[in-house]
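Report on the following structure.
The values are calculated or read from the model by the stated rules, or taken from the named source; none is laboratory data. Bear in mind the structure is a predicted one, so any value in this text is a computation, not a measurement. Note that each Cβ is placed from the backbone with ideal geometry, even for glycine, and that neighbours are counted across all protein chains shown.
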Amino acid sequence: MRRRDFILFLGGTAAAWPLGASAQQPMPVIGFLNTASSDGYAERLRGFRQGLKDAGFVEGENVAVEYRWAENQPERLPALADELVRRQVTVIAATGGHSAPVAAMAATKTIPILFVTSDNPITLGLVTSLARPEGNVTGVNFYGAELGAKRLALLRDMVPAATRIAVLANPASPTSGEAATRDLPAAAHAMGLQIQIFNASSGREIDAAYAAIMRERPDALFVAPDPVFNGRRIQLVHLASRHALPAIYWQREFAEIGGLMSYGSSIGEAFRQVGAYAGRIVKGAKPADLPVVQSTRFELVINNQAARLFGISVPPSLLARADDVIE
């Protein structure tokens with residue numbers, strides 16, 4: 001075949017190819033549904049994006065992420081979940097408590113859904129089995145309320161002279177309320193501590209609870225894990241600082257904004273695992289074939305600057321055990 005005829009042959013063949021074969025494939029889209037706002041989520045989003053990267057995806061290069069934030073208004077979640085379903089995302093990462101995955105589950109029975117929660121996902125009705133989740137839902141479960149006794153011991157180590165501990169809890173929480181304080185009385189008794197529980201379920205009630213706490217003049221404060229408290233962490237840390245009340249929290253974000261100390265599961269690691277699962281689903285994995293991950297990486301964070309403001313000299317043994325010390 002002559003060169004000119006060969007070129008004409010190729011041109012004709014290319015013209016006969018279907019347009020879809022030569023067109024660029026659309027970028028897969030991941031939906032990210034969250035109860036709160038983007039404020040304070042930098043570390044978690046870093047973890048999520050690292051998980052995607054571990055699975056071979058980089059946001060904006062070979063995968064897109066559609067973010068929907070409820071801005072601490074859970075009633076908005078159903079409409080936001082419907083938006084992601086209409087967008088035909090490949091998978092929905094529903095985070096920020098149990099309300100987000102519940103809303104996503106109500107919106108779709110076919111699009112894969114990933115949750116990240118400190119509560120028992122079986123009790124919440126998200127899955128029927130951790131090892132073999134059914135349907136279109138799986139995710140990451142990390143420890144929250146179960147670490148109460150350990151947090152109480154760390155608070156005593158930080159403030160050895162403390163004997164009376166105030167506990168702030170949210171009784172309205174359907175899952176973490178009772179669980180967050182269930183083991184504390186026995187743990188406190190074993191340590192020779194006295195605890196008194198104060199309840200709050202909103203910003204206004206937090207202010208009222210603090211007023212009641214300060215009338216009792218406790219030596220330190222234990223803030224129980226709760227999504228409402230997480231959304232109010234600036235208020236909580238500000239009140240503790242204003243009243244010079246040493247406090248322990250369950251997430252490092254509290255220590256990062258001026259809280260004295262925190263101990264709990266690494267939320268950044270939990271979100272990394274969610275990102276990795278999202279990447280695997282984009283590649284074709286089915287939620288039913290991905291067991292619920294139980295994240296067991298814990299971290300102790302101490303804000304040494306806050307300790308100095310409280311007039312506390314952090315014991316060297318506690319500093320040595322810390323995963324992160326904020327100066």
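Observations on the structure shown:
- If you filter the stretch 198-220 down to residues that are under 16 Å from Tyr249 (Cα atoms) and in contact with a Phe, Trp or Tyr (Cβ under 9 Å, 6 or more places away or on another chain), you find that the one that is surrounded by the fewest Cβ atoms within 10 Å (Cβ to Cβ) is Phe198.
- Every residue from the stretch 101-152 that is more than 19 Å from Asp289 (Cα to Cα), of a type outside the set (A, V, I, L, M), assigned to a loop (DSSP other than H, G, I, E, B) and out of contact with any Ser or Thr (no Cβ under 6 Å at 6 or more places or on another chain): Ser118, Asn120, Thr123
- In the stretch 153-175, of all residues being at pLDDT 90 or above and assigned to a loop (DSSP other than H, G, I, E, B), the one that is surrounded by the most Cβ atoms within 10 Å (Cβ to Cβ) corresponds to Asn170.
- Here the stretch 19-33 is the region considered, the condition is being loosely packed, with under 10 Cβ neighbours inside 10 Å and aliphatic (A, V, I, L, M), and the residue that is modelled with the highest pLDDT is Ala23.
- Yes/no for Gly96 being in the same structural domain as Val274 (by TED's automatic domain parsing) and under 16 Å from the mean Cα position of the chain (by Cα): yes
- Strands (runs of 3 or more DSSP E) fully within the stretch 193-290 that include at least 1 residues being closer than 30 Å to Leu130 by Cα: 220-223, 247-249, 261-265.
- From the list Ala240, Ala188, Ala211, Ala244, the one residue that fits, being over 25 Å from the mean Cα position of the chain (by Cα) and free of Cβ contacts under 8 Å to residues at least 24 places away in the same chain, is Ala211.
- Screening the candidates Phe115, Phe57 for the property of being over 22 Å from Pro227 (Cβ atoms) and either touching a helix residue (DSSP H, G or I) at 6+ places or on another chain (Cβ under 8 Å) or modelled with pLDDT under 95 (or both) yields one hit, Phe57.
- Across the stretch 60-79, the qualifying residues are those that are modelled with pLDDT of 95 or more and charged (D, E, K, R), and the one among them that is surrounded by the fewest Cβ atoms within 10 Å (Cβ to Cβ) is Glu61.
- In the stretch 216-231, of all residues being within 11 Å of Ala180 (Cα to Cα) and touching a Leu at 6+ places or on another chain (Cβ under 7 Å), the one that is modelled with the lowest pLDDT corresponds to Ala224.
Let's see how each residue does on (1) touching a Phe, Trp or Tyr at 6+ places or on another chain (Cβ under 6 Å); (2) of a type in the set (Phe, Trp, Tyr); (3) more than 23 Å from Pro121 (Cα to Cα):
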position	(1), (2), (3)
Glu256	no, no, yes
Tyr277	no, yes, no
Thr296	no, no, no
Arg308	no, no, yes
Gly311	no, no, yes
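- Evaluated against (1) surrounded by fewer than 19 Cβ atoms within 10 Å (Cβ to Cβ); (2) of a type outside the set (Asp, Glu); (3) within 19 Å of Gln273 (Cβ to Cβ), Thr117 falls short on exactly one condition, (1).
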